[in-house]
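**Student:** If you scroll down you'll find the structure; I have some questions about it.
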Amino acid sequence: MTRLIKKITAVAAIAVTGTLGLLTVTVPKKTYSENENRMLQGIPQLSWSALADGSYFSGLSSCFTDHFAFRHFFVSSDAKLASGMCERVVNGVYIGNTRLIDAKVSERGKSQLNAERIKRFAGNYSGAVYLAAVPTSSGVYSSMLPAYLSYNTEKQQIDRFYAEFDRSIRKIDAYSILKMQTDDYIFLRSDTKWTGYGAYCVYKTVIQKLGFLPSPYSKYTVRHVSDDYCGNLYNRTQYMKSNKDMLDIYEYSDGAEAESCTCYYNNGDSKSAQLYDLSALDSGDKYDIYTCGTCPFMRIRTSLNNDRKLLVITDDMGRNFVPFLIQHYSEIGVVCPKKMTGKLEEYVNADDYEQTLILIGADSLGDEDMLSPLEEEEE
């Protein structure tokens with residue numbers, strides 16, 4: 001009887017594996033996963049060089065993994081099973097009781113290269129440079145992580161990064177500001193990014209450093225445009241029990257408005273945009289309602305006539321931060337280096353702006369390509 005059960009089990013396992021493999025091979029392939037909000041690996045191109053260095057087989061393995069039949073079900077089940085067994089880390093994400101936290105601390109690279117790029121930029125720039133390195137949710141809520149996952153905190157990373165600069169670059173301590181507000185909804189629970197309120201808390205200090213009084217919070221009307229956003233940490237775990245997030249937009253009563261927003265692209269094209277794009281609520285990534293940072297360079301002209309101009313060099317952290325600056329500048333240039341294929345000077349002349357704010361997340365500090373567009377073209 002035991003031998004029969006083993007045979008039945010083996011046949012069933014082979015049948016299930018074979019069926020899944022056949023479905024994986026024959027079912028039409030998608031290029032984008034809405035559940036994980038990312039592009040999927042395509043079939044790699046076969047060549048002698050790819051065979052020689054092993055990249056072809058590596059790509060083939062990634063392709064098979066990305067397109068495996070019922071992948072979403074298995075990833076979600078893995079997170080649920082791991083959580084049930086008290087194994088709280090799934091795909092590098094710690095599953096907390098109230099939020100998901102990025103636990104890939106070992107992958108946070110050195111930030112010296114980007115520090116050197118900022119110093120060279122400041123040395124060639126005629127205006128004043130301000131720097132705000134913003135922690136992610138895993139930096140602010142690191143106390144929720146087990147000790148073995150929090151040995152290299154974002155606070156330490158930011159401190160080392162700031163130590164590279166002298167007083168010619170005005171450094172802003174965003175970490176301490178956010179750490180004092182941890183009881184408030186300042187970070188998304190399913191994402192590494194901050195909420196609109198988290199951005200506002202840092203804006204109050206940043207704008208004073210830039211020479212203005214902050215706009216009172218009471219002047220803003222907060223609109224909750226979505227209450228079911230699932231962020232980048234959810235995408236990595238597919239953990240169905242994770243708390244969904246709200247996405248808010250802030251509108252200032254009787255204040256300055258963005259009269260025009262123009263996006264400039266790598267191919268030289270440009271088109272008009274809006275500060276908030278509510279049509280993105282029906283897209284694969286609802287976070288695209290915040291249009292700043294969705295193109296290499298955006299020029300915002302406001303209804304103010306004070307001739308003050310600010311250049312903002314940022315990543316995703318700037319997307320819901322920039323709208324707070326509308327009340328202070330007649331023009332704001334928003335640079336997203338990650339979207340650029342060329343150098344900064346090909347998109348904008350930085351010297352047209354009297355001040356530059358570099359506002360980037362701590363998870364971008366060790367990205368060697370993050371600020372490479374700031375380097376000038378070699379003659």
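**Student:** Out of Leu357, Leu371, Leu365, I need the residue that is closer than 29 Å to Thr153 by Cβ, aliphatic (A, V, I, L, M) and out of contact with any strand residue (DSSP E or B) (no Cβ under 7 Å at 6 or more places or on another chain). Which one?
**Tutor:** Details: Leu357 fails: out of contact with any strand residue (DSSP E or B) (no Cβ under 7 Å at 6 or more places or on another chain); Leu365 fails: out of contact with any strand residue (DSSP E or B) (no Cβ under 7 Å at 6 or more places or on another chain).
The unique qualifying residue is Leu371.
**Student:** Keeping to region 141-150, report how many residues are touching a Ser or Thr at 6+ places or on another chain (Cβ under 9 Å) and at pLDDT below 90.
**Tutor:** 6
**Student:** Would you call Leu310 under 22 Å from Asn114 (Cβ atoms), in the same structural domain as Ala174 (by TED's automatic domain parsing), crowded, with 22+ Cβ neighbours inside 10 Å and in contact with a His (Cβ under 9 Å, 6 or more places away or on another chain)?
**Tutor:** Here the answer is yes, as Leu310 does meet what is asked.
**Student:** Can you pull out every residue in region 230-263 that is surrounded by 20 or more Cβ atoms within 10 Å (Cβ to Cβ), hydroxyl-bearing (Ser, Thr, Tyr) and at pLDDT 95 or above?
**Tutor:** Tyr250
**Student:** Next up: Determine whether region 278-301 contains at least one residue that is at pLDDT 95 or above, assigned to a loop (DSSP other than H, G, I, E, B) and hydroxyl-bearing (Ser, Thr, Tyr).
**Tutor:** no
**Student:** Okay, next question. Which is more than 20 Å from Arg319 (Cα to Cα), of a type in the set (Gly, Ala, Ser) and either surrounded by 16 or more Cβ atoms within 10 Å (Cβ to Cβ) or modelled with pLDDT under 95 (or both), of Ser190, Ser138, Ser106?
**Tutor:** The unique qualifying residue is Ser106.
**Student:** Here is a list: Asp184, Asp166, Asp191, Asp228. Which entry is in a loop (DSSP other than H, G, I, E, B), charged (D, E, K, R), touching a helix residue (DSSP H, G or I) at 6+ places or on another chain (Cβ under 9 Å) and over 30 Å from Arg117 (Cα atoms)?
**Tutor:** The unique qualifying residue is Asp184.
**Student:** Quick one: is Thr195 crowded, with 16+ Cβ neighbours inside 10 Å and modelled with pLDDT under 95? Talk me through it step by step, then tell me what you get.
**Tutor:** Details: crowded, with 16+ Cβ neighbours inside 10 Å: yes; modelled with pLDDT under 95: no.
So Thr195 does not fit the description; no.
**Student:** I'm told Leu213 meets every condition in (1) surrounded by 14 or more Cβ atoms within 10 Å (Cβ to Cβ); (2) among the aliphatic types (A, V, I, L, M); (3) outside any strand (DSSP E or B); (4) more than 18 Å from the chain's Cα centre (by Cα) except one. Can you identify the failing condition by its number?
**Tutor:** Every listed condition holds for Leu213 apart from (1).
**Student:** Okay, next question. Keeping to region 138-163, report how many residues are touching a helix residue (DSSP H, G or I) at 6+ places or on another chain (Cβ under 8 Å) and either under 25 Å from Thr195 (Cα atoms) or not in a loop (DSSP other than H, G, I, E, B) (or both).
**Tutor:** Initially, region 138-163 is screened for residues touching a helix residue (DSSP H, G or I) at 6+ places or on another chain (Cβ under 8 Å), giving 138-140, 142, 145, 149-155, 157-158, 161.
Keeping just the survivors that are either under 25 Å from Thr195 (Cα atoms) or not in a loop (DSSP other than H, G, I, E, B) (or both) gives 138-140, 142, 145, 149-150, 152-155, 157-158, 161.
Summing the residues that are touching a helix residue (DSSP H, G or I) at 6+ places or on another chain (Cβ under 8 Å) and either under 25 Å from Thr195 (Cα atoms) or not in a loop (DSSP other than H, G, I, E, B) (or both) in region 138-163 gives 14.
**Student:** Something else now. Out of all the residues in region 158-181, is one or more closer than 14 Å to Met246 by Cα, surrounded by 13 or more Cβ atoms within 10 Å (Cβ to Cβ) and touching a residue at least 12 places away in the same chain (Cβ under 8 Å)? Before you say what the answer is, go through the steps one by one.
**Tutor:** Going residue by residue through region 158-181, those that are closer than 14 Å to Met246 by Cα are none.
So far as region 158-181 goes, no, none of its residues is closer than 14 Å to Met246 by Cα, surrounded by 13 or more Cβ atoms within 10 Å (Cβ to Cβ) and touching a residue at least 12 places away in the same chain (Cβ under 8 Å).
**Student:** In this structure, does Ile326 turn out to be outside any loop (DSSP other than H, G, I, E, B), touching a helix residue (DSSP H, G or I) at 6+ places or on another chain (Cβ under 8 Å) and farther than 18 Å from Glu345 by Cβ?
**Tutor:** Numbers: outside any loop (DSSP other than H, G, I, E, B): yes; touching a helix residue (DSSP H, G or I) at 6+ places or on another chain (Cβ under 8 Å): no; farther than 18 Å from Glu345 by Cβ: yes.
It is false that Ile326 is outside any loop (DSSP other than H, G, I, E, B), touching a helix residue (DSSP H, G or I) at 6+ places or on another chain (Cβ under 8 Å) and farther than 18 Å from Glu345 by Cβ.
The values are calculated or read from the model by the stated rules, or taken from the named source; none is laboratory data. No experiment lies behind these values; they were computed from the predicted model shown. FYI the Cβ positions are ideal-geometry reconstructions off the backbone, even for glycines, and counts take in every protein chain you see.
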